[in-house]
Each structure stands twice: as C-alpha cells, then as structure tokens.
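The values are calculated or read from the model by the stated rules, or taken from the named source; none is laboratory data. Computed from a predicted structure; not experimentally measured. Here the Cβ is made from the backbone with ideal geometry for all residues, glycine too, and neighbour counts use every protein chain on show.
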Amino acid sequence: MALKNTSFLQACAGERPARTPIWLMRQAGRYLPEYRAIRSNISFFDLCRTPELCAEVTLQPINRFGLDAAILFSDILVVFDAMGAKVDFTPAPVIESPVRCRADVDRLTFGDPATELGYVFDAIVACKKALDERVPLIGFCGAPFTTLSYLVEGKGSRDFQHTKTMMFGEPLLFGQLMESITTVLIGYLKQQIASGVDALQIFDSWAGALSPADYRTHVLPHLRRLCEEVRGTVPIIMFARGNANLLSTVSELPADVLGIDWSIGLGDAIDVVGPKWVVQGNLDPMTMLGSREGVRKKTLEILRTGQRAGGHIFNFGHGISRYTDPEMVKFLVDTVHAYVPETAGAS
C-alpha cells in the first residue's frame with residue numbers, strides 16, 4: 001500500500017509539497033492526558049518494551065492533531081540493552097554502573113541489536129500496522145557521543161566531567177568506545193529500516209557540550225561512519241542540539257535533513273549551511289506556554305524563512321514541554337497547514 005500522506009518524505013527529498021509538513025519532537029508524551037492515563041499503570045521502560053502499547057502511544061498525537069509523521073515511541077537509551085549496561089528511569093535515566101576506565105569498557109558486551117532489542121522492532125511492526133499507511137513512521141537513535149555521555153556520566157550532566165576526562169585524558173580509550181557504540185548503532189538503525197521505518201533521526205542531544213574543534217576531532221568521524229553505513233534506503237535527519245557553532249561542521253555529514261535547534265534563528269542557520277540543505281525546525285517549544293498570537297507570529301516567521309532552504313519541515317527546536325496545552329498544539333498544527341507560501345514560484 002502507498003502512503004496516504006507523503007508530504008514529510010517529499011520535504012526530506014527537497015521537494016515542496018502543497019503544505020509544509022509538521023511533526024514534533026516528543027509529540028507522544030506527558031502533555032497528553034491519554035498518554036498519562038497509560039503511564040499511570042506501567043513504568044516507562046516497561047512501556048518501551050510493550051510493542052502494542054508503544055503503537056497506541058505513537059498514534060495518540062496522530063489521531064489528535066493530524067501531524068504529518070509519527071515517531072516511534074521509545075528512548076535513545078534502550079540501546080544499552082545491547083551493550084550489557086543497566087539503566088533505570090527514576091524518572092530521569094540513571095546508569096547502574098557508569099563506564100569510566102578500561103576495565104569498565106571491557107565488561108560491556110556489545111551484542112547484536114537484532115537479538116537484544118527485538119521489542120523495539122516488534123513495536124515498529126505494530127506501529128506500521130496501526131498507522132495503516134496514514135503517515136510515515138520515523139525511527140531514531142542517540143548519536144554516538146550522546147550515547148557515550150550517558151554511559152560515562154551515569155546520568156545527565158552539566159559539565160560532562162567524566163566524559164571529558166576520558167576524551168582528553170585517554171583519547172584512545174574514548175575513541176575505541178565511540179567506535180564500538182557506533183557499530184551497535186549502525187546495526188540498530190539497519191534493523192529499524194528492515195522492520196519498516198520510513199525515516200530516521202539521529203539525536204546528538206549533548207553535542208553542545210563540546211567546542212567545534214573537539215567535536216570535529218572526537219565525534220564527527222563516528223557520525224560520518226554512522227550516516228554513511230545507514231543512508232540510502234530512507235532519509236536521515238541529523239539533529240545536533242545546543243551549540244549553533246557546530247552547524248557548519250555537522251553540515252559536512254551525509255545526512256538528508258539538518259534539524260535546527262532553537263538557539264539560532266532559522267535564517268542564520270540557512271546562511272551557515274547553505275540554501276541547498278533541507279532544514280527541520282525550529283520553534284522554541286516554550287513559546288507554546290505563551291499566547292496564541294505569539295505562537296502564530298513566530299510560526300509564520302519560521303515558515304517564511306523556511307522557503308529560503310532547499311526544503312523545510314516544521315518542528316520544535318527541542319522536545320515539547322510536558323506543560324503544553326494540547327489545544328495549543330492543535331492550533332500550531334492548523335497554523336502550519338494553513339500557511340500559503342508567499343515566495344514567488346513556491347507551491
């Protein structure tokens with residue numbers, strides 16, 4: 001069966017569909033009462049490991065808002081099940097035994113994602129069946145550096161002390177760990193494609209912890225390998241968060257779409273990466289806690305600016321806030337879909 005709504009995939013390919021497509025990072029989550037109802041009876045990780053419930057949660061924002069793409073309900077840290085690392089959500093993720101020395105790295109298993117993460121792939125199959133080709137399904141993973149940072153820090157961090165201690169003090173060990181993580185992520189994304197996802201997003205949520213020079217030296221080669229070995233079958237969206245100065249470096253990657261976070265104006269981002277790139281973003285999600293007029297004004301500014309790029313997918317510049325009123329999300333989606341480009345020649 002053919003997809004009924006292809007606007008998201010058209011935009012990924014640099015085409016201009018009749019209306020700008022929109023999906024939202026964390027669009028299935030705590031701001032939705034129907035999601036909270038499910039979570040009241042099950043832990044977060046147990047939910048991630050229950051394919052039928054993953055499908056139900058994945059479809060909640062599609063059913064409510066008419067978004068142009070669904071994103072698999074999961075978490076970037078489920079991949080630790082394929083590395084022999086135990087993570088708990090309390091509610092923030094905490095690694096039971098952080099990895100900070102050679103002995104810690106040696107005890108990791110780095111198993112086969114196809115075997116160790118079967119519940120993720122079963123969830124993809126369940127999501128595709130439930131979607132019934134209404135919209136594309138986006139799969140995802142954390143980028144190698146973000147995955148490593150959680151593994152080494154043991155939790156979220158502000159200064160990334162342990163990660164940088166390894167990176168600067170034992171660069172060979174850091175590089176070997178990045179290489180092993182990248183290998184697992186390649187297998188993980190390939191199996192997501194084989195299970196039926198229509199696109200992939202790579203989340204480098206902690207990219208902003210590094211300077212551009214350090215990112216280029218210690219991170220970019222592994223990201224390039226990840227993109228090169230996975231690309232070709234479905235579009236890849238690369239989203240590096242937190243340091244606008246990384247954009248020019250990230251734009252060297254063989255991805256199809258660049259996600260832009262809210263720390264830089266979309267027009268400035270396009271100036272940096274060039275007008276041929278398809279961009280995604282980049283409304284500050286906290287804007288949604290303000291007035292409808294404020295949301296409308298900023299949304300239209302982003303939509304107009306997006307016409308300067310090779311293609312544009314509307315999204316937030318980070319994940320939606322749990323305090324967002326669902327009615328504001330409906331207003332946002334309707335505003336994006338009603339927009340008629342003013343650029344001469346745009347369709």
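Data overview
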{"read-out": "Of the criteria (1) touching a strand residue (DSSP E or B) at 6+ places or on another chain (Cβ under 7 Å); (2) of a type in the set (Gly, Ala, Ser); (3) under 25 Å from residue 315 (Cα atoms), which one residue 92 fails", "value": "(1)"}
{"read-out": "The stretch 41-75, subset hydroxyl-bearing (Ser, Thr, Tyr) and at pLDDT 95 or above, residue farthest from residue 142 (Cα to Cα)", "value": "50"}
{"read-out": "Qualifying residue in the stretch 211-227 (condition: surrounded by 23 or more Cβ atoms within 10 Å (Cβ to Cβ), touching a strand residue (DSSP E or B) at 6+ places or on another chain (Cβ under 6 Å) and in contact (Cβ under 8 Å) with a residue 24 or more places away in the chain)", "value": "no"}
{"read-out": "Of all residues in the stretch 108-128 being in a loop (DSSP other than H, G, I, E, B) and closer than 22 Å to residue 199 by Cα, the one that is nearest to the chain's Cα centre (by Cα)", "value": "117"}
{"read-out": "Filter result for the condition that a residue is within 22 Å of residue 105 (Cα to Cα), among the hydrophobic types (A, V, I, L, M, F, W, C) and at pLDDT 95 or above, over 200, 185", "value": "185"}
{"read-out": "Selection status of residue 277, touching a residue at least 40 places away in the same chain (Cβ under 8 Å), under 25 Å from residue 218 (Cα atoms) and over 13 Å from the mean Cα position of the chain (by Cα)", "value": "no"}
{"read-out": "Residues being surrounded by fewer than 24 Cβ atoms within 10 Å (Cβ to Cβ), of a type in the set (A, V, I, L, M, F, W, C) and outside any helix (DSSP H, G or I) - total across the stretch 141-169", "value": "1"}
{"read-out": "Criterion (more than 29 Å from residue 137 (Cβ to Cβ), touching a helix residue (DSSP H, G or I) at 6+ places or on another chain (Cβ under 6 Å) and not in a loop (DSSP other than H, G, I, E, B)) met by exactly one of 105, 99, 94, 78", "value": "105"}
{"read-out": "Condition check for residue 64: touching a helix residue (DSSP H, G or I) at 6+ places or on another chain (Cβ under 8 Å) and in a loop (DSSP other than H, G, I, E, B)", "value": "no"}
{"read-out": "Qualifying residue in the stretch 260-280 (condition: touching a strand residue (DSSP E or B) at 6+ places or on another chain (Cβ under 9 Å) and basic (Lys, Arg))", "value": "no"}
{"read-out": "Test: residue in the stretch 293-308 that is in contact (Cβ under 8 Å) with a residue 60 or more places away in the chain and in contact with a Phe, Trp or Tyr (Cβ under 8 Å, 6 or more places away or on another chain)", "value": "yes"}
{"read-out": "Of the criteria (1) over 21 Å from residue 9 (Cβ atoms); (2) polar (S, T, N, Q); (3) surrounded by 18 or more Cβ atoms within 10 Å (Cβ to Cβ), which one residue 291 fails", "value": "(3)"}
{"read-out": "Evaluation of residue 231 against (1) in contact with a Gly (Cβ under 6 Å, 6 or more places away or on another chain); (2) modelled with pLDDT under 95 (one fails), failing number", "value": "(1)"}
{"read-out": "Residue that is nearest to residue 9 (Cα to Cα) [pool: residues in the stretch 42-78 that are charged (D, E, K, R) and buried (at least 19 other Cβ atoms within 10 Å of the Cβ)]", "value": "68"}
{"read-out": "Qualifying strands (runs of 3 or more DSSP E) (wholly inside the stretch 175-286; at least 3 residues being not aliphatic (A, V, I, L, M))", "value": "199-204"}
